[in-house]
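The values are calculated or read from the model by the stated rules, or taken from the named source; none is laboratory data. These figures come from a predicted structure and were not determined experimentally. Please note: Cβ atoms are built from the backbone with ideal geometry, for glycine as well, and neighbour counts cover all protein chains shown.
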Amino acid sequence: MSSILTTIIVLLSLAPPQAPGQLTFKAPDAWKPRPASSTMRVGEFILPKADGDTEDGDVVVYYFGGQGGDVQANINRWLAQMQQPDGRPTADVAKRATRTVNGIEISMLEVSGTYVAEVRPGATEHFNKPGFRMRTVVVPTARGPYFIKMLGPDKTVQRWTSSFDEFLGTLAYQQ
């Protein structure tokens, strides 16, 4: 057996077994589901744009196979995806909260500004979308964390805020 194959087998045998179960949720009827664009996305929804906005918003539910970092690492990453028009640190204007849903304590972040995330992971090109709002959630489970991101033009995200809160209320971990 080659040394590379042996190394892979050893690494796989050292990986902790993944707990059974999955996060379940129910999206509001007005959200438009779309096919997941990668295996790391377990749900994707289009939020039709509000009057006056030029594009739709979206909600994506991510699961990285039990990986993805702790709550603070994700908060920091999301904060870095927004810049403030007045130059203040985004952390100074962001709203953080926790909420218990069906026995799961979720961590939430909400922030508006100019969306400047990488166009795709590792890309040097970045978005430049002023007037955007982002709501994000870390959902810890026995299987590892799930991540939820609502993103879009400010008015569109505000339009869908109550349905997003209702959506969060449907989160459950089923074993």
Point to revise | One residue from F132, F147, F127 being farther than 19 Å from P48 by Cβ, of a type in the set (F, W, Y) and surrounded by 15 or more Cβ atoms within 10 Å (Cβ to Cβ) | key: F147
Review point. Residues in region 9-32: is at least one in a strand (DSSP E or B), within 29 Å of Q175 (Cα to Cα), at pLDDT 90 or above and among the charged types (D, E, K, R)?
Key: yes
Review point. Can you name the number of the only condition in (1) in contact with a strand residue (DSSP E or B) (Cβ under 8 Å, 6 or more places away or on another chain); (2) without any contact (Cβ under 8 Å) to a residue 40 or more places away in the chain that K149 fails?
Key: (2)
**Study point:** Cβ-Cβ under 7 Å pairs, at least 6 apart or on other chains, region 64-82 side within 20 Å of T39 (Cβ to Cβ) and touching a residue at least 12 places away in the same chain (Cβ under 8 Å), far side buried (at least 16 other Cβ atoms within 10 Å of the Cβ) and among the basic types (K, R)
**Key:** G66/R143
**Study point:** strands (runs of 3 or more DSSP E) (entirely within region 102-175) containing at least 2 residues that are under 16 Å from the mean Cα position of the chain (by Cα)
**Key:** 104-115, 129-139, 146-153
**Study point:** Identity of the residue in region 150-175, more than 20 Å from T90 (Cα to Cα) and polar (S, T, N, Q), that ends up surrounded by the most Cβ atoms within 10 Å (Cβ to Cβ)
**Key:** T156
Study note, to complete from the structure: Among the residues of region 25-81, the number that are more than 20 Å from S163 (Cα to Cα), surrounded by 13 or more Cβ atoms within 10 Å (Cβ to Cβ) and of a type in the set (V, I, T) is 2
